[in-house]
1. If I ask for residues that are of a type in the set (Phe, Trp, Tyr) and more than 27 Å from Glu31 (Cβ to Cβ), which ones from the stretch 66-102 would you list?
2. Please enumerate the residues belonging to the stretch 61-102 that are in a loop (DSSP other than H, G, I, E, B), charged (D, E, K, R) and either at pLDDT 95 or above or closer than 14 Å to Leu7 by Cβ (or both).
3. I'd like to know if the stretch 69-86 contains one or more residues that are touching a Cys at 6+ places or on another chain (Cβ under 9 Å), surrounded by fewer than 12 Cβ atoms within 10 Å (Cβ to Cβ) and either free of Cβ contacts under 8 Å to residues at least 24 places away in the same chain or β-branched (Val, Ile, Thr) (or both).
4. Residue by residue through the stretch 27-60, note down the ones that are of a type in the set (A, V, I, L, M), in a helix (DSSP H, G or I) and within 19 Å of Thr83 (Cα to Cα).
Amino acid sequence: MKCKIELTKDAWEDLKSIQEWYVLNFGKETELKVTLKIKQALNRLEDFPDSGSRVPDEWLDRQGYRMVITGRHAAVYKHVGNTVFVYRIVDTRRQYTRLFYE
């Protein structure tokens, strides 16, 4: 049975920021490629919700968070029941785990 993918408000805002940044810096074509890769990675979670990597932060890992990485971005999510909740979509080069402590 397929899982439902739910993006939180923060994850939607993250995705929108990523789209805007790529359009401004590289153009619409590159933005579409990056966005497509992120969406494809999230769609794979419908069939394989536990396929993501464990997060590097011990506390987040104990809470059940996982991440799926695509290019420079990681979608941090939690699989609960029949739903995958995507909490953030972040640049892997920054200290993104701090976002969960704010």
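The values are calculated or read from the model by the stated rules, or taken from the named source; none is laboratory data. Please read these numbers as outputs of a predicted model, since none were measured by experiment. Don't worry about glycine lacking a Cβ; one is built from the backbone with ideal geometry, like all the others, and counts go over all protein chains shown.
1. Going residue by residue through the stretch 66-102, those that are of a type in the set (Phe, Trp, Tyr) are 77, 85, 87, 96, 100-101.
The answer is Tyr101, and nothing else.
2. First, the residues of the stretch 61-102 that are in a loop (DSSP other than H, G, I, E, B): 63-64, 71-72, 81-82, 92-95, 101-102.
So of that shortlist, the ones also charged (D, E, K, R) come out as 72, 93-94, 102.
Listed by number, the list is empty, since nothing qualifies.
3. Filtering the stretch 69-86 for residues touching a Cys at 6+ places or on another chain (Cβ under 9 Å) gives 79, 81-84.
Now drop any that are not surrounded by fewer than 12 Cβ atoms within 10 Å (Cβ to Cβ), which leaves 81-82.
Among the residues that remain, those that are also either free of Cβ contacts under 8 Å to residues at least 24 places away in the same chain or β-branched (Val, Ile, Thr) (or both) are: 81.
There is at least one residue in the stretch 69-86 that is touching a Cys at 6+ places or on another chain (Cβ under 9 Å), surrounded by fewer than 12 Cβ atoms within 10 Å (Cβ to Cβ) and either free of Cβ contacts under 8 Å to residues at least 24 places away in the same chain or β-branched (Val, Ile, Thr) (or both).
4. To start, the set of residues in the stretch 27-60 that are of a type in the set (A, V, I, L, M) comprises 32, 34, 36, 38, 41-42, 45, 55, 60.
From what is left, the residues that are in a helix (DSSP H, G or I) are 32, 34, 36, 38, 41-42, 45, 60.
Those that are of a type in the set (A, V, I, L, M), in a helix (DSSP H, G or I) and within 19 Å of Thr83 (Cα to Cα): Ile38, Ala41, Leu42, Leu45, Leu60.
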